[in-house]
Each structure stands twice: as C-alpha cells, then as structure tokens.
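Down below is the structure, laid out as structure tokens.
The values are calculated or read from the model by the stated rules, or taken from the named source; none is laboratory data. Not measured: the values here are computed from a predicted model. No Cβ is skipped: glycine too gets one built from the backbone with ideal geometry, and neighbour counts run over all protein chains shown. Note: areas computed on protein heavy atoms with side chains; ligands, DNA, RNA excluded. Shrake-Rupley method; radii C 1.70, N 1.55, O 1.52, S 1.80 Å.
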Amino acid sequence: MCLRWGICGAGKISHDFLVGLKTRPETEHRVVAVAARSLESAEKFATTHSIPKSYGSYEEVADDPEVDVVYVGTIHVTHLSIVLRMFERKKPVLCEKPLTMNAQDTATLIEAAKKNNVFLMEAVWMRFFPAIAELRKQICEGVIGDVMYVSANIGARRLNVARLYDPKMGGGSVLDMGIYPINFATMIFGGEKPESIHASGWLASTGVDQCVAITLKYPGECVAQLMCGTCLEPTNEAVVIGTKGTLKLPARFWCPTKLETPSGVLEFPLEPGYLPINYSNSEGLGYEAEEVRNCLQQRKKESDIMPLRQTQLVAEIMDSVMKQLGVVYYKQRSKI
C-alpha cells in the first residue's frame, strides 16, 4: 500500500516532514499535493519537493480524491478549522503538535474524528523514535524496577522569534516546547492522570509564558519535574529513575538518537535526508509517518503509541498550567 499524502502548510516544519518522509520507501509513501495560504508559496514548495499538485487553499486538498491522508503543518491556531474541514471530506489526519490551543478544542476534534469515523493522530514525533521504543521496552521489562521519578527539560534562547511572543499566534513556551516534557511524563506513567499539577514561572511582556517549571504528582508517590523556556538553554535531557536504576535520554530528548542504560549507551543513528533541514534530527519525522501508514493498513482510527486519550490529557494538563500562570489566549478559530 502506497500512502498518498496531501500537505497543508508550506513552512519549515512541512519541509522537514517531507525530508523525513522520504527516508521511508517510495513504494510506501508519496506526496501528491501541497496547499498553502498563497498559491505562490505552495508552488515554490512543490518545486522544491517535486510534488505534482499545488493549491492556494486548504479546501482543495480536502477535495482532492487522490489524497489518502493529510499532514497539517500550519501554526497551531489554525489547526482546529483545517482539521475539521478534512474530516468533512473523510480525510485521515496527522496534525502537528499541539493539536489545538486548549483542551476544549482538542475534545472537539477528537469527537469530530469519531463522528466521521476517520483516523486522527497528534504528530508528537518523539514517541516514534527507536530510542523511545527501547526506553519503554526496558521499563516494561523491569530493567530499572518501578518508575518513581521523571525529569525532563527543554529550552532555547529564541528571543528574536516574534511568533513565540505573540498570543494571537499561539506563542509561549508551553504550547511550543513544554508539550514535549509533559507528553514524556504522560507516556512514562501510562497515561495516568496526575493527582496534582503545580506550575510556576514568569511571563513575557506580551502575556505569554516565557519560562515555566511544572511538578506533576502521580499515585504511588511518583513525581515528574518538568521545565520549558524560550529564554534559556537548559540541558534538554530526560531522565527516568526507578527503584533499581536509571534511564537517560541525552540532549534533544524529544528526537533522541541515544539512550543511556544501566548496561551502557545504545545508539540509534538516523538515515540522512535528501535536503538540508531546519530542526535537528528532522529525518526522524519519517517514523511518525510510518506509524500512520501502519494504523491505516490495520483500519485503526487512532494510534496505540499516541492514543487520543493521552492527547486529551496533555491538553488538560497544559490548560491547568496556563491557568496557574495567568496566560490567556484570544478565542481564535482562524478561517482557512
């Protein structure tokens, strides 16, 4: 089965997704169309990536009968309206993270997917890396005993990226970066809802969060301590501590190629891409595309690795964090 992809968005992440996608066999994945807000942008993207069709509106991707599945790589304030349109045409969707701006809109998309009987997955690419699969395997096999503590931090000095400080564009460190450590903790603790969520930090002058520390307390005296920020450069590592040992993902834990275990360091090199990339290790975006294909082949409506109930839980945790920090976004359901 060769999966025919339609791409919504002609920006940096869509470019990197194409580079990652093309590390997979050509007999399994093919991009047949790209759409952007302007036809000129779509045509330029199509030329770069040898895509046969380019559109100046996202509706045209939804209406294209040759598109089997849609990747949505636009900014997150537009996700809700674009994905709903795809569902109206019964198109399966892989949507960039965060799926939406808040838990209410996330629930709306999940319900719409079920109503239209179509596949939906949030593109949390971290979960599909072989290093993450091995980490989960070792935890399940009891290599480090019972997991008691998780820590994860992510950040970069991105003071000159205007979008990250604009509330109308969904700016802020939690939605852009913090979703990774929150998602990591949620994954490690099996999608269990935290007993308590405590967040503290500071906001930028525009009102979006700039640096945030989060503590999640789970049943059984388990704790996750997480941090994200757009104004500093932390270690960008993740650590899982159990009663018998520790597992560690070194820098860029959200796209890992190494795993430090009690018995040594395991390495998982990436296949080289055919074009330069914008974000580190984006060649690994092909792993999530592979999961989508596997799910659609099995006629699944969601992924077992990135289940919708965990997408919803992460959105609810982020809502709680925003409320505690005093971050308020404009109610925005952008037209497509």
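Among the candidates 206, 235, 257, 215, single out the residue that is more than 17 Å from residue 185 (Cβ to Cβ) and over 19 Å from the mean Cα position of the chain (by Cα).
Of the residues listed, the single one that is more than 17 Å from residue 185 (Cβ to Cβ) and over 19 Å from the mean Cα position of the chain (by Cα) is 206.
Looking at (1) of a type outside the set (Ser, Thr, Tyr); (2) in a helix (DSSP H, G or I); (3) open to solvent by less than 50 Å² (accessible area, probe 1.4 Å), which is the one condition that is false for residue 91?
(2)
Among the residues of the range 109-164, which ones are crowded, with 19+ Cβ neighbours inside 10 Å and among the polar types (S, T, N, Q)?
138, 151, 153
Working carefully through the options 257, 235, 311, find the one that is farther than 30 Å from residue 59 by Cα and surrounded by 17 or more Cβ atoms within 10 Å (Cβ to Cβ). Before you say what the answer is, go through the steps one by one.
On the way: 235 fails: surrounded by 17 or more Cβ atoms within 10 Å (Cβ to Cβ); 311 fails: farther than 30 Å from residue 59 by Cα.
Going through 257, 235, 311 in turn, the sole match is 257.
Search the range 1-18 for residues being over 11 Å from residue 289 (Cβ atoms) and of a type in the set (A, V, I, L, M), and hand back the single one that is surrounded by the fewest Cβ atoms within 10 Å (Cβ to Cβ).
If we filter the range 1-18 for residues that are over 11 Å from residue 289 (Cβ atoms), which is where we start, we get 1-2, 4, 6-16.
Okay, now just the ones that are also of a type in the set (A, V, I, L, M), so 1, 7, 10, 13.
Details: 1: 10, 7: 30, 10: 25, 13: 20.
Ranking the qualifying residues of the range 1-18, first place goes to 1.
Just to confirm my filter: which strands (runs of 3 or more DSSP E) fall fully inside the range 1-57 and include at least 3 residues that are among the hydroxyl-bearing types (Ser, Thr, Tyr), in contact (Cβ under 8 Å) with a residue 60 or more places away in the chain and in contact with a helix residue (DSSP H, G or I) (Cβ under 8 Å, 6 or more places away or on another chain)? Steps first, answer last, please.
Values: elements: 3-8, 29-35, 53-55.
Once the strands (runs of 3 or more DSSP E) in the range 1-57 are filtered for at least 3 residues that are among the hydroxyl-bearing types (Ser, Thr, Tyr), in contact (Cβ under 8 Å) with a residue 60 or more places away in the chain and in contact with a helix residue (DSSP H, G or I) (Cβ under 8 Å, 6 or more places away or on another chain), nothing remains.
Would it be correct to say that residue 248 is surrounded by fewer than 18 Cβ atoms within 10 Å (Cβ to Cβ) and among the charged types (D, E, K, R)?
On the way: surrounded by fewer than 18 Cβ atoms within 10 Å (Cβ to Cβ): no; among the charged types (D, E, K, R): yes.
So residue 248 does not fit the description; no.
Does residue 164 fit the bill of being in contact with a helix residue (DSSP H, G or I) (Cβ under 9 Å, 6 or more places away or on another chain) and more than 25 Å from residue 18 (Cα to Cα)? Write out each step before concluding.
On the way: in contact with a helix residue (DSSP H, G or I) (Cβ under 9 Å, 6 or more places away or on another chain): yes; more than 25 Å from residue 18 (Cα to Cα): no.
For residue 164, the condition - in contact with a helix residue (DSSP H, G or I) (Cβ under 9 Å, 6 or more places away or on another chain) and more than 25 Å from residue 18 (Cα to Cα) - is not met.
Do you know which residues across the range 40-64 are open to solvent by less than 50 Å² (accessible area, probe 1.4 Å), closer than 17 Å to residue 274 by Cα and over 25 Å from the mean Cα position of the chain (by Cα)?
Listed by number, the list is empty, since nothing qualifies.
Taking the condition of being in a loop (DSSP other than H, G, I, E, B) and either hydroxyl-bearing (Ser, Thr, Tyr) or farther than 30 Å from residue 245 by Cβ (or both), how many residues in the range 157-207 meet it? Reasoning before the result, please.
Here is the first cut: in the range 157-207, the residues in a loop (DSSP other than H, G, I, E, B) are 157-161, 166, 170-172, 189-195, 204-207.
So of that shortlist, the ones also either hydroxyl-bearing (Ser, Thr, Tyr) or farther than 30 Å from residue 245 by Cβ (or both) come out as 157-161, 166, 170-172, 204-207.
Number of matching residues: 13.
Counting only residues that are without any contact (Cβ under 8 Å) to a residue 12 or more places away in the chain, give me the strands (runs of 3 or more DSSP E) lying completely in the range 233-306 with at least 1 of them.
Values: elements: 238-242, 246-249, 258-261, 264-267.
Hits in the range 233-306: 264-267.
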